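Colleague: Please read through the structure below; I'll follow up with questions.
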Amino acid sequence: MNKAIGGYIGLELRQGTHYHSNALPLNTGRNCFEYILKLRGYKHVLLPYYTCEVMLEPLRKLGISYSFYAIDPGLEPATLPVLHDKEAFVYTNYYGLKQHAVEQLAKHYGPRLIVDNSQAFFAPRINGIDTFYTARKFFGVADGAYVYADTPLDIELPRDESCSRMSHLLTRIDTCAESGYGDYLLHEEQLCNQPIKSMSRLTEHILCSIDYEQVRQRRITNYMVLERALYGSNKLSLDASESVPMVYPYWTENGNTLRDELRQQRIYIAKYWKNVLDWNSPALEQSLANDLLALPVDQRYTPADIETIIPLII
């Protein structure tokens with residue numbers, strides 16, 4: 001038989017559908033990027049200085065040259081360079097709050113724009129624009145990503161397996177966040193230099209079990225709790241009225257110090273991205289990497305939980 005019947009009972013998850021049901025489900029966001037690069041045959045790619053270092057992995061693997069561009073205080077390109085033949089322009093939908101900028105860049109660059117929606121899981125894909133999403137920045141999965149590209153790449157994709165990369169997620173539930181952190185770092189390292197694969201069955205089952213509308217509403221509500229309290233002291237002013245945020249980006253003069261103080265209270269704030277400090281990036285990007293606090297607003301927390309963070313910041 002193709003399906004085992006009987007024996008021990010497995011993990012039970014709600015049976016639903018993918019949020020990005022029309023996209024190709026792959027194993028990682030960087031491999032979605034590689035998929036697009038292989039499909040389009042680009043020879044040179046323009047990336048923002050303010051981006052994750054893993055974006056360079058597929059470029060180096062494929063021997064594609066790249067250069068960086070600066071962003072302005074609104075997290076949009078400081079200039080719009082002219083693209084030459086076989087060149088692409090990559091833009092990150094920062095924190096899920098820059099969909100309007102994505103739309104304007106799509107009008108300007110057309111199909112030579114690549115949208116990195118790793119931080120914008122709920123942002124809609126614009127027709128004709130190559131776009132990719134990463135699941136684990138929004139949900140409790142070990143891997144998983146989605147790519148929209150209107151022409152399929154003519155390669156056979158093996159299926160990934162995720163069960164060996166789940167220990168940090170299970171440990172956090174069974175004991176505490178700190179106990180699973182070492183495994184988290186190990187599993188993140190294991191995602192480096194992976195070949196392009198289809199999304200694992202385990203990740204698919206988890207993602208298809210999620211109540212996406214509940215997630216959407218909780219993130220928006222939690223974001224607004226922080227916005228009402230912190231907008232006056234936030235150096236970053238972004239319109240979240242039509243967005244589903246990944247985090248609340250709080251840019252302050254003493255962010256690096258405040259991050260350390262919050263850690264002492266068991267409030268863990270991701271740093272985006274340490275590699276920016278090592279690159280010869282502009283002062284604005286350096287400041288964002290050092291002092292922008294990505295405050296959590298995700299579906300694990302109630303507005304009352306979010307309220308407890310505020311006195312520790314202001």
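The values are calculated or read from the model by the stated rules, or taken from the named source; none is laboratory data. Here the structure is a predicted model, which is why all the values come from computation and not from measurement. In this analysis, Cβ positions are derived from the backbone assuming ideal geometry, glycine residues included, and neighbour counts consider all displayed protein chains. All accessible areas refer to the heavy atoms of the entire protein, side chains included, with ligands and DNA or RNA removed. Shrake-Rupley method; radii C 1.70, N 1.55, O 1.52, S 1.80 Å.
Colleague: Report the relative contact order of segment 1-85, percent, no decimals, based on alpha-carbon pairs under 8 angstrom and at least 6 residues apart.
Modeller: 22
Colleague: A further question on this structure: For the chain, give me the percentage of DSSP beta bridges that are antiparallel, rounded to the nearest 5 percent.
Modeller: Given both bridge residues lie in the chain, the antiparallel proportion sits at roughly 45 percent.
Colleague: With only alpha-carbon pairs counted, each pair once and no self-pairs, how large is the Kirkwood hydrodynamic radius of the chain in angstroms?
Modeller: 20.6
Colleague: Between Cys163 and Arg263, what length comes free when the chain is fully extended (0.36 nm per residue of separation minus the Cα-Cα distance, one decimal in nm)?
Modeller: Stretched fully, the Cys163-Arg263 segment lengthens by 33.0 nm.
Colleague: Work out the FRET efficiency for Leu312 and Ala283 from their Cβ-Cβ distance, taking R0 = 41 Å, and round it to the nearest 0.05. Walk me through the numbers before you get to the answer.
Modeller: On the way: r = 28 Å, r/R0 = 0.68.
Efficiency for this residue pair is about 0.90.
Colleague: While we're on this one: Over segment 156-314, what relative contact order in percent results from Cα pairs under 8 Å that are six or more residues apart?
Modeller: Across segment 156-314, relative contact order equals 23 percent.
Colleague: Give me the percent of Cα-Cα pairs in segment 23-137 that sit more than 19 Å apart, rounded to a whole number.
Modeller: Beyond 19 Å sits 40 percent of the P(r) for segment 23-137.
Colleague: Further, regarding this structure: Set Lys and Arg Cβ to +1 and Asp and Glu Cβ to -1, take the dipole of segment 83-193 about its Cα centre, and tell me which of His100, Ile126, Ile155 lies farthest positive.
Modeller: His100
Colleague: Jot down the radius of gyration and Dmax of segment 181-314, Cα atoms only, both in angstrom.
Modeller: 16.9, 45
Colleague: Kirkwood Rh over Cα pairs of segment 4-73 into Stokes-Einstein at 10 °C, 1.306 mPa s: D in µm²/s?
Modeller: Taking Rh from Cα pairs, D becomes 103 µm²/s.
Colleague: Same structure, new question: Sort Ile126, Ile173, Ile71 by accessible area with a 1.4 Å probe, largest first.
Modeller: Largest to smallest exposure gives the sequence Ile173, Ile126, Ile71.
Colleague: Which of these, Leu226, Leu191, Leu11, has the largest mean-square fluctuation under a Gaussian network model of the chain (Cα springs below 10 Å)?
Modeller: Leu11
Colleague: Oh, and also: Which of the lysines could be linked to Lys271 by a straight reach, that is with a Cα gap under 18 Å, when you skip same-chain ones fewer than 8 residues away?
Modeller: Correct list for Lys271: Lys137, Lys235.
Colleague: Can you give me the distance in nm between label points at Thr151 and Ser233, each placed 7 Å from the Cα along the Cα-to-Cβ direction?
Modeller: 5.3
Colleague: What aspartates and glutamates could a cross-link reach from Lys274, if we take a straight Cα to Cα line under 18 Å and drop same-chain neighbours fewer than 8 places away?
Modeller: Correct list for Lys274: Glu53, Glu57, Glu188, Glu189, Glu253, Asp260, Glu285, Asp291.
Colleague: Using Cα pairs closer than 8 Å and at least 6 residues apart in sequence, work out the relative contact order for the chain, in percent. Present the calculation step by step, with values, prior to reporting the outcome.
Modeller: On the way: 527 pairs, mean separation 64.3, N = 314.
It comes to 20 percent, rounded to a whole number.
Colleague: Mind putting together the pair-distance distribution for segment 260-303? All Cα pairs, 10 Å bins, whole percent per bin, short to long.
Modeller: Bin by bin from 0 Å, the calculated values are 26, 41, 26, 7.
Colleague: With every protein chain kept in the model, how would you rank Cys163, Cys32, Cys208 by accessible area, 1.4 Å probe, largest at the top?
Modeller: Largest accessible area first, the list is Cys163, Cys208, Cys32.
Colleague: So between Arg112 and Lys3, what do we pick up on full extension, going 0.36 nm a residue minus the alpha carbon distance?
Modeller: 34.9 nm is the gain from fully extending Arg112 to Lys3.
Colleague: Moving on to the next point. Where is the GNM fluctuation largest for the chain (alpha-carbon springs, 10 angstrom cutoff): Pro296, Pro249, Pro152?
Modeller: Result for the chain, Cα springs under 10 Å: Pro152 fluctuates most.
Colleague: Below 17 Å Cα-Cα, how many Lys pairs turn up in segment 4-121? Only count pairs eight or more apart in sequence, or on different chains, if you could.
Modeller: Numbers: Lys38/Lys61; Lys38/Lys86; Lys43/Lys61; Lys43/Lys86; Lys98/Lys107.
Pairs that pass both the separation and distance tests number 5.
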